[in-house]
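Here is the structure we will look at.
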Amino acid sequence: MRTSILAVAFSVMAALGVITAQPAQAAVACSVSYAKTWDNGGAFGANVTIDNHGDPLSSWTLRFTWPGNQKVGQGWNGTWTQSGQNVTVTAPAYAPVLSTGASVTVGFNGTYSGANVAPGSYSVNGVTCGGPGTPSPTPTSSTGWNPPTNLVTPLNQVWSHVESTYGNLYGFRNYGWDQVMANRGYVNYCVRWDSPASVTAAQRDAIHAALQRQFKKWMDVMAGHNAWPYTDVPVRVVGWAIRDRAQLQWTDNSVDVYVGDIRENAPQCAPPCGRFFNQGGTYPNCPGGAARHYDMSLWLTAGMGGGAGGDWGQRMGSEYFMNNINASNMHILLHEIGHTFGLDDFYDWTPTGVGGFLMKAGSASQITEFDAWMLRDFWRHVKSRYGL
């Protein structure tokens, strides 16, 4: 049971004989966990998760101090600043509230030399937080294949169709699976802003957050299933490509900005940084170094209807994306991410006994049970390439 301590100040207006109660302040109770996502000996990334065990917070500010010379370069899901060894992260304008029992994960890329030791303590809104809260149980990985009985036949039909139509099904090495596994559990994106519209810093952060939320829906399908090794796959946006730098209404260096490289009649993020162009997984000519490489592009094109997706990323209308930026399910983006992981289209046939599902365009607006099992089935057939 949680007990809230309300500090209420009273002032007595003697002349009127009135007692006025001042607004109660939210009682802060929190725990914070820190987890590195990668580390190459001079640069690294990490996620910091805040769990709110106290009253709802209308906004939050996280503070911590580095024990060494770590420097935050790019941060996401909040506004990051650093002064000396002291780091401050404030809630993003698009999602300021942290409800009771809720958690929020912020992340960053940084640099260091010498030891890379985690911070020793954290505070939220000036109150010191405890250590990691009680973690959610780690899903138990199943080594078997156990889809619902009613889906066995349609899943077999789908895989048979995939094998008969994919020209290099088992030899191809740039599915979303390959990208996640090469990075050891994360993916990087670059945004191709193929629109004349301007973008504020708040809109940039909201685009990043929407992409992260939708990508997570697919990764949640895999957590704990059939030797899939990750319970969470962070998404980092490391760059933007633009025709005119003046369209981007921010001056911070949280993402790399690529100006004027026009390919396919659209702004292109630097090819030396892209996995699509460097499938060997090394990026010796990337201006920002390997840490700033991007695995996929989020290509947002003004006036485009529908979408496209593949190992290179996902493309859709910029208006669609911005109009649905807070939607629970961005069905076009979800559909195109499915293609990145190898899932097929169903323009001219439907598996036996299956109704609407996301990968059959226009028949569902979210990931269905059948979509989930198709994704797991694809993993079942390719996981051996990773020794699993």
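The values are calculated or read from the model by the stated rules, or taken from the named source; none is laboratory data. What you are looking at is a predicted structure, and each value in this text was computed from that prediction instead of being measured. Positions of Cβ are backbone-derived with ideal geometry, glycine not excepted, and every protein chain shown enters the neighbour counts. Ligands, DNA and RNA are excluded from the accessible area calculation, which covers all protein heavy atoms including side chains. Shrake-Rupley method; radii C 1.70, N 1.55, O 1.52, S 1.80 Å.
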Some residue of segment 292-299 being modelled with pLDDT under 95, open to solvent by less than 50 Å² (accessible area, probe 1.4 Å) and not in a helix (DSSP H, G or I): yes
So Leu343, is it aliphatic (A, V, I, L, M), more than 17 Å from Gln212 (Cα to Cα) and either in contact with a Ser or Thr (Cβ under 7 Å, 6 or more places away or on another chain) or at pLDDT below 95 (or both): no
Qualifying positions in segment 114-157 - over 23 Å from Leu388 (Cα atoms), at pLDDT below 85 and open to solvent by 30 Å² or more (accessible area, probe 1.4 Å): Gly130, Gly131, Pro132, Thr134, Pro135, Ser136
One residue from Ala308, Ala246 being outside any loop (DSSP other than H, G, I, E, B), of a type outside the set (Asp, Glu), open to solvent by 60 Å² or more (accessible area, probe 1.4 Å) and at pLDDT 95 or above: Ala246
Members of segment 204-220 found to be over 13 Å from Cys190 (Cβ atoms) and either out of contact with any helix residue (DSSP H, G or I) (no Cβ under 7 Å at 6 or more places or on another chain) or buried (at least 20 other Cβ atoms within 10 Å of the Cβ) (or both), listed by number: Asp205, Ala206, Ala209, Ala210, Gln212, Arg213, Gln214, Phe215, Lys216, Trp218, Met219, Asp220
Test: residue in segment 227-238 that is crowded, with 20+ Cβ neighbours inside 10 Å, among the aromatic types (Phe, Trp, Tyr), assigned to a helix (DSSP H, G or I) and at pLDDT 90 or above: no
Of all residues in segment 324-355 being over 19 Å from the mean Cα position of the chain (by Cα) and free of Cβ contacts under 8 Å to residues at least 60 places away in the same chain, the one that is most open to solvent (accessible area, probe 1.4 Å): Tyr347
Residue in segment 260-277 that is assigned to a strand (DSSP E or B), out of contact with any Asp or Glu (no Cβ under 6 Å at 6 or more places or on another chain) and in contact (Cβ under 8 Å) with a residue 40 or more places away in the chain present: yes
